[in-house]
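Got a structure for you, written out below as structure tokens; questions coming shortly.
We did not get these values from a lab; they are worked out from the coordinates using the rules stated. Just so you know, these numbers come straight off a predicted model, no measurement behind them. Methodologically, a virtual Cβ is constructed for each residue, glycine included, from the backbone with ideal geometry; neighbour enumeration extends over all protein chains shown.
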Amino acid sequence: MISAAVLLSVAFAVAGCGVPTVFQGQVGITVTPPPPPPPPPPPPPEEPKRAKIVKNKIVITEKVFFEFDKAAIKEESHSLLDEVAKVMQDNPQVTLVSVEGHASLEKDTPATRAYNKQLSGLRAKAVMEYLVTKGIARDRLEAEGFGNEKPLDTNDTDEGREKNRRVEFTIKKIDPSKAKKEEGQG
């Protein structure tokens, strides 16, 4: 007579194969292994970059917002400026960037033009100072306010004036010898 232990061993071995097990004329339980787990989901798509180098500019896809009639950067723009700082940190060969403030012109008077130029300069300096607090060397930055001297659109419509109110980052100097070395180079 076959021992119970041997029968159980054979039963489990056969059961693991998904085949019904027969014990002395009795049909046993069919054990089917669980299906393999599903593959892990793909990683979420990378968020599109809001700041990147295009030709001689660090192009931003959103506006930098300021408090009304002030040079104080709104908190909602901090993460965008953090991305600008990251672009500069990742590209040490960019040795000088001009932070340029631009304004719209609601009323064309000499006083308004002068005020807009001054405010756009203060806003450019505020952005420059923010980037310095994020680790960008001050000697890699300069700030300039253009007021309404370089409009992108008409100042005759709300939409045009909105386009004209902006901050731009123009790359003024590049030193290729300061570029980051890829791993395995050098």
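In the range 44-103, which trypsin sites (Lys or Arg not before Pro) fall in coil by DSSP and have 10 or fewer other Cβ atoms within 10 Å?
Qualifying residues, ordered by number: Lys55.
Are there any chymotrypsin sites (Phe, Trp or Tyr not before Pro) in the range 29-76 that are in a DSSP loop and have at most 10 other Cβ atoms within 10 Å? List them by number.
Phe68
How big is the antiparallel share of DSSP beta bridges in the range 51-178, given as a percent to the nearest 5?
Beta bridges within the range 51-178, antiparallel portion: roughly 75 percent.
Using 7 Å Cα-to-Cβ label points, what is the Glu162/Ile29 separation (nm, one decimal)?
6.7 nm
Rounded to the nearest 0.05, what FRET efficiency do Gln118 and Lys173 give with R0 = 30 Å and r taken as the Cβ-Cβ distance? Could you check?
0.70
Further question: Considering only DSSP states other than H, G, I, E and B, which GluC sites (Glu not before Pro) in the range 85-186 qualify as loop sites with at most 15 other Cβ atoms within 10 Å?
Loop-located and lightly packed - Glu106, Glu149, Glu182, Glu183.
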